[in-house]
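Data first, discussion second: the structure below is written as structure tokens.
The values are calculated or read from the model by the stated rules, or taken from the named source; none is laboratory data. None of these values were measured; they are calculated from a predicted model. Counting neighbours? That spans all protein chains shown, and the Cβs are built from the backbone with ideal geometry, glycine included. To get the accessible areas, we keep the full protein, side chains included, count just its heavy atoms, and leave off ligands, DNA and RNA. Shrake-Rupley method; radii C 1.70, N 1.55, O 1.52, S 1.80 Å.
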Amino acid sequence: MRRKFIAGNWKMNKTVPESVQFARDLVSEIETYTHHDILICVPFTALVPVHDVVKGSNVKLGAQNMHYADSGAYTGEISASMLETAGCDYVIIGHSERRQYFGETNEILNKKMLKVVQTALLPIFCVGEVLEQRKAGDTERVVEEQIRTGLQGLSASDLSKVTIAYEPVWAIGTGETATPDQAEEVHKHIRRVIKNLYDENIANTLRIQYGGSVNPSNTVELLQRADIDGALIGGASLKVESFVEMIKIADRL
Ligand code: PEP
């Protein structure tokens, strides 16, 4: 049985005081919702103060990016050990905005994945096609390539640490959501790819989140699908009320 997993990705939003306030409100609102995993991926500057608020609660803490090197001359970057010692449990790897605006290729992301599984951090590895690729009927090939290259060299036990987020790029921040059928089809494909690369048991235990304009009004129909194990939520995770609403929905399913 895969536990549902609701994650918020704040992107480049919220100052330290705003982040701390959000975390306080969230922790007090969701104390009793314990049937699934809850995560907030906050800006680097807010990691330590938010950790102080969420530690000991059922809210996990994540970062939005990480470098593959241990340390060195990489101005502006952050390492796995920096994230671990800031209190992070999770890190997002390969968000489409990192791929699109910061030139992160499947090969670079593979280096990050190989690094992260050597640490205590749990990665959420993002995959997804752009609109032209979907229109050209290329979705399954693109997602498969992202997974094959991104996860190359990871062992079966490494895979137990990984969550995959399927995020069609055309649905991110656009208000346009993949239909539950479209999402489910790709999630099934991802499970097939993982089964071929590893085995059936690993494919069946892997959690696959959907991301792309998830909000309180489409959460139920998406999360009811057999292969959709949760959501990675951008815009609708920025307000405590809507984030909590989605958490409550996931808890009832
Ligand atoms: C995201 O940031 O991963 C995302 C899916 O954003 P949004 O929910 O705003 O589409």
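Hey, can you tell me all the residues within segment 89-128 that are within 14 Å of the ligand (Cβ to nearest atom), closer than 20 Å to TRP170 by Cβ and not hydrophobic (A, V, I, L, M, F, W, C)? Those that are within 14 Å of the ligand (Cβ to nearest atom), closer than 20 Å to TRP170 by Cβ and not hydrophobic (A, V, I, L, M, F, W, C): GLY94, HIS95, SER96, GLU97, ARG98, ARG99, GLN100, TYR101, GLY128.
Residues are listed down the side, and each one gets a yes or a no for (1) crowded, with 19+ Cβ neighbours inside 10 Å; (2) more than 21 Å from GLY94 (Cβ to Cβ):
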{"site": "TYR166", "(1), (2)": "yes, no"}
{"site": "GLN182", "(1), (2)": "no, no"}
{"site": "VAL186", "(1), (2)": "yes, no"}
{"site": "ILE190", "(1), (2)": "yes, no"}
{"site": "ASN204", "(1), (2)": "no, yes"}
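For segment 221-239, a residue qualifies if it is within 16 Å of the ligand (Cβ to nearest atom) and either of a type in the set (A, V, I, L, M) or open to solvent by 50 Å² or more (accessible area, probe 1.4 Å) (or both), and the qualifying residues are GLU221, LEU222, LEU223, ILE228, ALA231, LEU232, ILE233, GLY235, ALA236, LEU238, LYS239.
Only residues that are open to solvent by less than 40 Å² (accessible area, probe 1.4 Å) and closer than 18 Å to VAL116 by Cα were counted across segment 43-63, and they come to 4.
Within segment 112-133, restricting attention to residues that are more than 17 Å from THR163 (Cα to Cα) and surrounded by fewer than 21 Cβ atoms within 10 Å (Cβ to Cβ), which residue is farthest from the chain's Cα centre (by Cα)?
Keep residues of segment 112-133 that are more than 17 Å from THR163 (Cα to Cα), which gives 129-133.
Filter once more, keeping what is surrounded by fewer than 21 Cβ atoms within 10 Å (Cβ to Cβ): 130-133.
On the way: VAL130: 18, LEU131: 20, GLU132: 23, GLN133: 22 Å.
Checking each candidate, the answer is GLU132.
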